[in-house]
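Student: Structure incoming, see below.
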Amino acid sequence: MTFGQRVITIALCVLGTMATRFLPFLLFSSKKPTPPYIRYLGKALPSAIFGMLVVYCLKNVDLFSASHGLPELIAVIVVVALHLWKRQMLLSIAGGTICYMVLVQMVF
């Protein structure tokens, strides 16, 4: 990419980020109640995104390979255990990721 193309790409990324951050405040003022469908999306989307993340992470697991999917299974168990214990999504995701990377690099 040329310098000009890089500048345009960065500017478009900044513009897109700013638009997605500021647009809700422009569309939904604090004086009016938030529409019910927006409240529903706020409740439903985090779980849906987490479900999509699980499917994406486990889509290429080969049960007939040498590890038989054990690192993935152990990491999923660690994520669930951490989440049930602390109820913090970032801790659960980070703990599962670290567990998986340690298992793949040092054990399997």
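Student: Going through segment 61-85 one residue at a time, which ones are surrounded by fewer than 13 Cβ atoms within 10 Å (Cβ to Cβ) and under 18 Å from PRO46 (Cα atoms)?
Tutor: If the condition is that a residue be surrounded by fewer than 13 Cβ atoms within 10 Å (Cβ to Cβ) and under 18 Å from PRO46 (Cα atoms), then VAL80, LEU84 are the ones that fit.
Student: Restricting the search to segment 56-81, which residues are in a loop (DSSP other than H, G, I, E, B) and touching a residue at least 24 places away in the same chain (Cβ under 8 Å)?
Tutor: Within segment 56-81, ALA66, SER67 meet the criteria.
Student: Kindly check whether there is at least one residue in segment 42-55 that is in contact with a helix residue (DSSP H, G or I) (Cβ under 7 Å, 6 or more places away or on another chain), touching a residue at least 24 places away in the same chain (Cβ under 8 Å) and open to solvent by less than 70 Å² (accessible area, probe 1.4 Å).
Tutor: Taking every residue of segment 42-55 in turn, none turns out to be in contact with a helix residue (DSSP H, G or I) (Cβ under 7 Å, 6 or more places away or on another chain), touching a residue at least 24 places away in the same chain (Cβ under 8 Å) and open to solvent by less than 70 Å² (accessible area, probe 1.4 Å).
Student: Also, quick follow-up: Select from segment 1-26 the residues that are of a type in the set (Phe, Trp, Tyr) and more than 23 Å from the chain's Cα centre (by Cα) and write down the one among them that is nearest to ILE38 (Cα to Cα).
Tutor: Filtering segment 1-26 for residues that are of a type in the set (Phe, Trp, Tyr) and more than 23 Å from the chain's Cα centre (by Cα), the one nearest to ILE38 (Cα to Cα) comes out as PHE25.
Student: Another one. Run down THR34, THR97 and say which single residue is open to solvent by less than 100 Å² (accessible area, probe 1.4 Å) and not in a helix (DSSP H, G or I).
Tutor: Only one candidate qualifies: THR34.
The values are calculated or read from the model by the stated rules, or taken from the named source; none is laboratory data. Computed from a predicted model, the values in this text were never measured in an experiment. Because the Cβ atoms are built from the backbone with ideal geometry, glycine has one as well, and the counts that use them run over all protein chains shown. Accessible surface is based on the protein model in full, side chains and every heavy atom, while ligands, DNA and RNA are left aside. Shrake-Rupley method; radii C 1.70, N 1.55, O 1.52, S 1.80 Å.
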